[in-house]
Amino acid sequence: MEDVSKYIPGISIGNSFGGTQDSLIKRGFGGADDGSILRNGVRMPIGRNFDPATTERVEVLKGPASLFYGMQEPGGVINVITKQPRKKWGASVDTSWASLGGGFGNIDVGGPLAPGLAFRLIGGFKNENYWRNFGANKQKLVAPSLSYTHGPLSAEVSYQWTDYHNVLDRGAVFYNGSPISGRKHRLDEHWAADYGTRHLLAGSINYRLTAHDKLRLSSGWNEDNYHDRQADPSSYNPTTGLLTRRFRSNAGTVRDNSYVSLDFISNHHFLGMTHDFVTGGDYENRRITQGDFLTGKNTGGFNPYSPVYGMITPSAPVDNNLSGYHTRINSASWYLKDSIHLGHGITIAPGVRYQWFHYSYGGRYPFVKMTDASYTKALPFIGIVYQPTKHFSLFGDYSQSFNPNQISAGSLLSGPYKPTSGRQFEVGARYQNALLTADVALYNIHKKNVLQAAGLTADNAILQRLSGLVASKGIEAEITGHLTRHWNILANYAFTYARTIKDTPQTAGKLVYNVAKHTGGGFLTYQTTMPWHQSAFRIGAGARYVGRRPGDIRNTFWLPGYATVDMFASWKLRKIYHHTASLQVNAENIANKAYFTSTAGTANRVSWGQGRTIRVSVGVEL
């Protein structure tokens with residue numbers, strides 16, 4: 001997901017738990033466990049949620065998203081749309097090799113089984129070396145799907161099974177504002193990883209009542225059986241130059257989400273105005289059940305400049321204070337929205353969501369219930385669009401958000417529990433013609449009771465606390481499209497000023513960690529056709545800049561700004577023995593820039609950005 005969002009303005013990388021979880025900060029808010037990563041509209045558990053084998057496209061909706069996607073951050077949501085069953089018989093095979101060693105391969109087959117009935121089956125296997133001095137990321141995947149259409153009825157169902165084993169790399173340790181060693185040698189152990197199995201099931205039914213009205217039933221369920229082993233740095237001694245580490249392990253956690261929604265969608269002309277009307281309700285159940293959490297003793301003597309591995313072993317006693325945590329979130333809501341086209345280029349879109357949720361949280365051995373309460377709130381929304389000309393439009397909107405603060409397993413909350421709520425104002429403009437689209441948006445967000453990482457406990461667990469009021473304001477600008485027949489451009493810039501307004505004296509006025517004030521990038525692509533086998537050739541290069549940003553809630557250390565350059569070239573041949581073949585070469589971080597992507601809110605866990613990687617991909621459509 002970091003690669004997908006690299007050239008989208010206003011998105012930063014948050015605490016990715018050693019590179020094992022999607023953690024994207026939108027307009028200054030969000031993280032790995034905020035529920036903003038969706039799959040076909042259904043909230044996903046934390047972990048990695050983008051796979052090129054099954055993904056058709058990724059939609060990013062920033063701004064007032066909570067009205068349509070449940071309890072969300074005000075910054076926006078990211079929806080991964082999966083590949084649909086094939087309407088015509090076909091198959092494809094593709095494989096990719098990385099300069100690191102290893103790679104992945106996928107097979108995709110499908111077609112109509114009967115009139116109105118189609119299927120698709122995708123299988124994938126991955127075994128690719130990690131970019132640092134040891135480790136490998138492994139995955140097996142099977143994803144079948146079915147679709148049925150008959151008259152006014154259409155239905156789809158899909159399933160995905162994934163078995164994963166990923167490197168868990170805590171990255172660098174900072175001391176006096178700088179890393180204590182370079183990126184060549186990892187500071188953990190060969191066995192540091194997260195592993196498990198994941199099940200994803202989703203379905204939808206659409207029934208057209210009339211030419212202007214339809215019903216839509218959507219549902220989904222996902223479950224992640226998760227385990228990990230960590231070799232966490234505890235402290236650094238600058239006199240001896242040695243690092244103290246500790247074994248920690250989540251011996252087993254089950255995360256599952258269930259979701260169902262029913263919508264009535266209508267389009268009618270009434271009193272001289274056109275109405276696009278949506279009303280419905282949804283129900284969601286989220287459960288996290290953690291088993292034993294293991295914590296080993298502190299073991300010193302590790303030299304980060306000349307590491308000797310194997311000094312700590314992956315075994316430890318059960319930590320009663322960090323084990324047995326249970327989270328239960330039940331939510332239900334009703335929503336209503338009407339886009340009213342008044343004429344003269346004016347559209348007004350009022351709406352409201354009435355939200356209820358119950359949050360239950362507790363843990364430890366013996367079990368202690370820490371939170372068990374229900375909350376309700378009405379969330380109004382309004383948007384206005386004015387289009388004075390064919391190509392130019394202005395817009396403005398106001399929205400609110402309201403959702404539970406979800407305490408991560410293996411973390412401790414300091415102080416009483418409260419849900420988080422926010423509001424957002426936004427204005428902007430768009431210019432769009434047949435070739436180019438240009439957008440600019442200005443926003444202002446205030447959010448109360450924001451969950452923040454406030455350092456580590458004596459047991460090396462992340463200490464979390466609620467900040468009183470956090471604000472974010474900024475501007476985003478983007479241009480995409482065709483400069484000429486052969487040249488395409490993508491360019492963007494974002495200014496994000498996110499800071500804590502009301503909190504303790506040590507943190508009030510400080511910037512939100514992991515959020516850079518200045519980010520931007522651009523990509524230029526050249527494409528042309530060739531006479532041989534009706535082939536198409538594309539080549540492109542781009543750069544991404546991320547500015548300096550704080551590494552913790554108190555701004556005691558900073559991650560330096562960086563810029564990386566990516567390049568690619570692809571060649572598609574459409575008539576090779578009656579098949580289509582493709583060849584693509586991607587070069588990421590071509591200058592091999594050393595940089596840091598994010599922190600976990602502590603100087604002991606700072607993630608390195610990936611070094612130079614060359615990837616060669618070959619595909620054949622059968």
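Restricting to the range 337-365, what's the tally of residues that are farther than 19 Å from Thr279 by Cβ and touching a residue at least 40 places away in the same chain (Cβ under 8 Å)?
Qualifying residue count, the range 337-365: 10.
Given the condition part of a strand (DSSP E or B), in contact (Cβ under 8 Å) with a residue 60 or more places away in the chain, farther than 30 Å from Thr279 by Cα and polar (S, T, N, Q), answer yes or no: does some residue in the range 223-232 qualify?
Checked against the condition, which is being part of a strand (DSSP E or B), in contact (Cβ under 8 Å) with a residue 60 or more places away in the chain, farther than 30 Å from Thr279 by Cα and polar (S, T, N, Q), the range 223-232 yields at least one hit.
For the range 151-184, enumerate the residues that are of a type in the set (Lys, Arg) and either free of Cβ contacts under 8 Å to residues at least 12 places away in the same chain or exposed (fewer than 15 other Cβ atoms within 10 Å of the Cβ) (or both).
Within the range 151-184, Lys184 is the sole residue that qualifies.
Please specify each residue of the range 342-351 satisfying the condition of being assigned to a strand (DSSP E or B) and surrounded by fewer than 17 Cβ atoms within 10 Å (Cβ to Cβ).
Within the range 342-351, Leu342, Gly343, Ile346, Ile348, Pro350 meet the criteria.
Can you find a residue in the range 521-529 that is under 23 Å from the mean Cα position of the chain (by Cα) and either under 21 Å from Ser16 (Cβ atoms) or surrounded by fewer than 18 Cβ atoms within 10 Å (Cβ to Cβ) (or both)?
yes
Which of the residues spanning the range 283-308 are buried (at least 16 other Cβ atoms within 10 Å of the Cβ) and either touching a residue at least 60 places away in the same chain (Cβ under 8 Å) or among the hydrophobic types (A, V, I, L, M, F, W, C) (or both)?
Answer for the range 283-308, where residues must be buried (at least 16 other Cβ atoms within 10 Å of the Cβ) and either touching a residue at least 60 places away in the same chain (Cβ under 8 Å) or among the hydrophobic types (A, V, I, L, M, F, W, C) (or both): Glu284, Arg286, Ile288, Gln290, Phe293, Leu294, Thr295, Phe302, Pro304, Pro307.
Where in the range 397-488 are there strands (runs of 3 or more DSSP E), lying fully within it, with 3 or more residues that are at pLDDT 90 or above?
Result: 420-432, 436-456, 462-482.
Could you check the range 569-602 and list, in sequence order, the residues that are more than 30 Å from Phe17 (Cα to Cα), surrounded by 14 or more Cβ atoms within 10 Å (Cβ to Cβ) and of a type in the set (Ser, Thr, Tyr)?
Ser570, Thr580, Ser582
Out of the range 514-553, which residues are among the basic types (Lys, Arg) and either over 21 Å from Asn592 (Cβ atoms) or assigned to a loop (DSSP other than H, G, I, E, B) (or both)?
Selection gives Lys517, Arg538, Arg548, Arg549.
Going by what's in this entry, would Thr504 be described as part of a loop (DSSP other than H, G, I, E, B) and among the β-branched types (Val, Ile, Thr)? Don't jump to the end; show me each part of the working.
Working: part of a loop (DSSP other than H, G, I, E, B): yes; among the β-branched types (Val, Ile, Thr): yes.
When the stated conditions are applied, Thr504 passes them.
Can you find, within the range 114-142, the residue that is farthest from Ala155 (Cα to Cα) among those that are among the aliphatic types (A, V, I, L, M) and in contact (Cβ under 8 Å) with a residue 60 or more places away in the chain? Working first, answer last.
Keep residues of the range 114-142 that are among the aliphatic types (A, V, I, L, M), which gives 114, 117-118, 121-122, 136, 141-142.
Those left that are additionally in contact (Cβ under 8 Å) with a residue 60 or more places away in the chain: 122, 141.
Numbers: Ile122: 19, Leu141: 24 Å.
Top of the filtered list is Leu141.
Yes/no per residue for (1) surrounded by fewer than 17 Cβ atoms within 10 Å (Cβ to Cβ); (2) within 21 Å of the chain's Cα centre (by Cα); (3) assigned to a strand (DSSP E or B):
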residue	(1), (2), (3)
Gly123	yes, no, yes
Asn127	yes, no, yes
Asn133	yes, no, no
Leu141	no, yes, yes
Arg186	no, no, no
Thr197	yes, yes, yes
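Take Ser374 and tell me if it is of a type in the set (Gly, Ala, Ser) and free of Cβ contacts under 8 Å to residues at least 60 places away in the same chain. It would help to see each step written out before you state the result.
On the way: of a type in the set (Gly, Ala, Ser): yes; free of Cβ contacts under 8 Å to residues at least 60 places away in the same chain: yes.
Here the answer is yes, as Ser374 does meet what is asked.
Criterion first (out of contact with any helix residue (DSSP H, G or I) (no Cβ under 7 Å at 6 or more places or on another chain), surrounded by 16 or more Cβ atoms within 10 Å (Cβ to Cβ) and either polar (S, T, N, Q) or in a strand (DSSP E or B) (or both)) does Ser374 satisfy it?
no
Considering Arg554, Arg605, which residue is surrounded by 18 or more Cβ atoms within 10 Å (Cβ to Cβ) and basic (Lys, Arg)?
Exactly one of Arg554, Arg605 is surrounded by 18 or more Cβ atoms within 10 Å (Cβ to Cβ) and basic (Lys, Arg), namely Arg605.
Please go through the range 78-113 and pick out each residue that is aliphatic (A, V, I, L, M) and either closer than 21 Å to Tyr164 by Cα or in contact (Cβ under 8 Å) with a residue 12 or more places away in the chain (or both).
If the condition is that a residue be aliphatic (A, V, I, L, M) and either closer than 21 Å to Tyr164 by Cα or in contact (Cβ under 8 Å) with a residue 12 or more places away in the chain (or both), then Ile78, Val80, Ile81, Ala91, Val93, Ala98, Leu100, Ile107, Val109 are the ones that fit.
Give the range 143-163 a look and list any residue that's among the small types (Gly, Ala, Ser) and assigned to a strand (DSSP E or B), or say none.
Ala143, Ser145, Ser147, Ser154, Ala155, Ser158 - these are the residues of the range 143-163 that are among the small types (Gly, Ala, Ser) and assigned to a strand (DSSP E or B).
The values are calculated or read from the model by the stated rules, or taken from the named source; none is laboratory data. These numbers were taken from a predicted model, which means no experiment stands behind them. A quick note on method: Cβ atoms are made from the backbone with ideal geometry, for glycine too, and the neighbour counts reach across all protein chains shown.
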